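The values are calculated or read from the model by the stated rules, or taken from the named source; none is laboratory data. Everything numeric here is computed off the predicted structure, so don't read it as measured data. Note: ideal-geometry Cβ built from the backbone for every residue, glycine included; neighbour counts use all protein chains shown. SASA here: full protein model, heavy atoms, side chains in, ligands and nucleic acids out. Shrake-Rupley method; radii C 1.70, N 1.55, O 1.52, S 1.80 Å.
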Amino acid sequence: GAVVSQHPSWVICKSGTSVKIECRSLDFQATTMFWYRQFPKQSLMLMATSNEGSKATYEQGVEKDKFLINHASLTLSTLTVTSAHPEDSSFYICSALRQGRSSNQPQHFGDGTRLSIL
Amino acid sequence: SQQGEEDPQALSIQEGENATMNCSYKTSINNLQWYRQNSGRGLVHLILIRSNEREKHSGRLRVTLDTSKKSSSLLITASRAADTASYFCATDATGANSKLTFGKGITLSVRP
């Protein structure tokens, strides 16, 4: 169990386009989801924490108007990269925590979305 | 900001050998987790070790935690070519509300 689906797996689009990435927990409910960004051969950098029914919490230096997060249900969080530019090209990964579990539990990751802005 | 620092940064071994990877961190933690990432994919959870635990096993994996030294190690025994991947340690710091801080990662290559 604990499957997280992320869609699309890759996207190529023109500069100025807005891109939406979906993160779904398929077999569990997730009150909390996380969005990360990863540059080639580097570690994961947390962008924001997404809580169902409330506003996302953004990490320092992450523009909330640039990276819009919506967590409208217990199984779906979306990240929209608005007016994307080449510097936004990266690998974006989401993860989810099972609802109701105590602390000391792992995060369950999607397979990532490779975003390339031309 | 990154908390975990793994070493070595890259490791190349022969199939059948053991691989040991180390991780150091800076703050107090609730738990420490190890993840694996195959190229271009998401992360797969391997083991979670709580701050009051010293050692944990899962199949060919053995993780130790020394909170006095703020360090952890991941041992993969009898390595296989399929173990080739990047390995990350991640800390759930005290008061962080389950947010993880990842290390830079270790690239493991297992030669067949």
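Using a Gaussian network model of chain A with C-alpha springs under 10 Å, which one of A:G53, A:G16, A:G100 is most mobile by mean-square fluctuation? Among A:G53, A:G16, A:G100, the largest mean-square fluctuation in the Gaussian network model of chain A belongs to A:G100. With the simple spin-label model, which puts each label point 7 Å out from Cα in the Cβ direction, the A:F39 to B:L61 separation comes to 2.8 nm. With contacts taken as Cα pairs under 8 Å and at least 6 residues apart, the range A:10-65 reaches a relative contact order of 22 percent.
Considering only beta bridges that DSSP places wholly inside the protein assembly as shown, some 90 percent are antiparallel.
Please tell me the relative contact order of the range A:1-117 in percent, rounded to the nearest whole number, where contacts are Cα pairs under 8 Å and at least six residues apart.
Worked out over the range A:1-117, it gives 37 percent.
About its Cα centre, the protein assembly as shown has a charge dipole of approximately 140 debye under the convention of +1 per Lys or Arg Cβ and -1 per Asp or Glu Cβ, with nothing else charged. For B:S109, what charge total do you get from the other residues with a beta carbon under 13 Å from its beta carbon, if Lys and Arg give +1 and Asp and Glu give -1? That works out to -1. Peptide B:90-103 is shielded by partner chain Cβ atoms: per residue, an average of 4 of them sit within 10 Å of its Cβ. On the principal axes of its alpha-carbon atoms, chain B has extents of 43, 28, 20 Å, going from largest to smallest.
Rounded to the nearest Hz, the phi-derived 3J(HN,Hα) couplings of the range A:36-42 under the Karplus curve 6.51 cos²θ - 1.76 cosθ + 1.60 (θ = phi - 60°) are 10, 10, 9, 8, x, 6, 10, where x marks glycine and proline. Partnerless cysteines in chain A, where a partner means another cysteine C-beta under 4.7 angstrom, comprise A:C13.
For chain B, the dipole from Cβ point charges (+1 on Lys and Arg, -1 on Asp and Glu) about the Cα centre works out to 180 debye, to the nearest 20.
With the cut-off at 31 Å, tell me which of the pairs A:K20/A:K41; A:K66/B:K56; A:K66/B:K99; B:K56/B:K104; A:K14/B:K26 have Cα atoms farther apart than that. Among A:K20/A:K41; A:K66/B:K56; A:K66/B:K99; B:K56/B:K104; A:K14/B:K26, the Cα-Cα distance tops 31 Å for A:K66/B:K56; A:K14/B:K26. Label-to-label distance, B:S12 versus B:V44, with points set 7 angstrom from Cα along the beta-carbon direction: 2.3 nm. Look at the alpha carbon pairs under 8 Å that are at least 6 residues apart: their mean separation over the length of chain B gives a relative contact order of 38 percent. A:S116: net charge of surrounding residues, Cβ under 15 Å, Lys/Arg +1, Asp/Glu -1, itself excluded? Taking every other residue near A:S116 into account, the sum is +1. For chain A, the fraction of 1.4 Å probe accessible surface lying on carbon and sulfur atoms is 50 percent.
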